[in-house]
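Engineer: First the structure, then my questions, so here it is.
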Amino acid sequence: MRALLRLRVMRDLSGMNLGGLDLRALDLRGVKLDGADLAGAILDATRLDVGHLAGATLRDTTIYGIDLTDPRLRELDLQGARLRGVEIDIERAPCLFLRGVNLCGEDLHGVRLAGADLRGANLNGTNLSAADLSGVDLGGRASLAGADLRGVDLREANLYRADLTGANLAGANLQRANLRGTLLLGTNLDEADLRDAGLDDRPVSAEPSEHNRDPR
């Protein structure tokens with residue numbers, strides 16, 4: 001408790017190791033956290049100042065309501081983080097590390113993530129309709145099972161061994177996308193543009209992603 005009280009009055013925590021701390025509901029706006037290690041910290045309802053998070057590590061945290069469209073965000077490590085109620089725009093904040101990020105069930109309609117590294121990401125049930133995902137890397141067993149991908153731009157995207165089980169890709173642009181080894185069971189590809197897409201002889205794989213494995 002004393003440590004948390006000190007955090008409330010300290011204004012510069014740059015470079016400090018705060019990993020695993022319970023920081024829920026704290027108001028840290030105005031506190032400098034540039035380069036701080038917050039890996040595994042509990043950040044439920046924590047208020048953060050995105051202008052002071054450059055180079056911070058937020059791996060394996062759960063973050064609610066953070067604005068990831070701020071161009072001041074530089075080299076923010078969100079690998080494996082569970083993001084809820086966030087605003088995200090890779091064009092405005094290009095230096096975000098999103099590999100393995102968990103955006104399951106989020107509403108990201110029209111989001112701009114062109115060229116992002118989303119390898120191993122959990123996007124199950126996420127609304128990505130009309131999103132710009134051109135050139136994204138969704139390899140490494142990224143999971144988009146049940147995702148709404150209607151009208152999405154996936155030109156030249158890497159979907160190698162991604163899980164698209166039950167996803168809705170109606171009207172999606174998949175020109176020159178890599179769909180080799182992609183799991184397409186029950187996937188809706190009505191009116192999808194598959195020109196020059198890389199496909200297996202058997203494009204439907206039988207092996208689920210790690211996000212959808214039976215835990216037994």
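The numbers here are math on the coordinates, done by the rules we state, and not lab data. Predicted model, so just to flag it, every value in this text is computed and none were measured. Here Cβ is always computed from backbone atoms with ideal geometry, including for glycine, and neighbour counts include all displayed protein chains.
Engineer: Quick one: plug the Kirkwood hydrodynamic radius of region 98-216 (C-alpha pairs) into Stokes-Einstein at 37 °C, 0.692 mPa s, and report D in µm²/s.
Structural biologist: Reported coefficient: 244 µm²/s.
Engineer: Still on this structure: Using only DSSP helix segments of four residues or longer, with each worth -39500 (n - 2.57), what per-residue ellipticity at 222 nm results for the chain after dividing by its residue count and rounding to 500?
Structural biologist: Here the helix-only value at 222 nm equals -1000 deg cm²/dmol.
Engineer: Counting Lys and Arg as +1 and Asp and Glu as -1, what is the net charge of the other residues whose Cβ lies under 11 Å from the Cβ of residue 40?
Structural biologist: Within the 11 Å Cβ shell, the charges total -2.
Engineer: Treating only the Cα positions of the chain as identical point scatterers, give the base-10 log of I(q)/I(0) from the Debye formula at each q in 0.09, 0.10, 0.11, 0.19 Å⁻¹.
Structural biologist: -0.38, -0.46, -0.54, -1.25
Engineer: Which of 167, 185, 45 sits closest to the plus end of the dipole of the chain, meaning its Cα is farthest towards the positive end, when Lys and Arg get +1 and Asp and Glu get -1 on the C-beta?
Structural biologist: Final value for the positive-end residue is 45.
Engineer: May I pose another question? Treating only the Cβ of Lys, Arg, Asp and Glu as charged (+1, +1, -1, -1), what charge dipole size does the chain show about its Cα centre? Round to the nearest 20 debye.
Structural biologist: Result for the chain is approximately 740 debye, rounded to the nearest 20.
Engineer: Below 8 Å between Cα atoms, with a sequence gap of 6+, how large is the relative contact order for region 1-93 in percent?
Structural biologist: Working: 232 pairs, mean separation 20.0, N = 93.
Taking the mean separation of contacting Cα pairs over the length of region 1-93, I get 22 percent.
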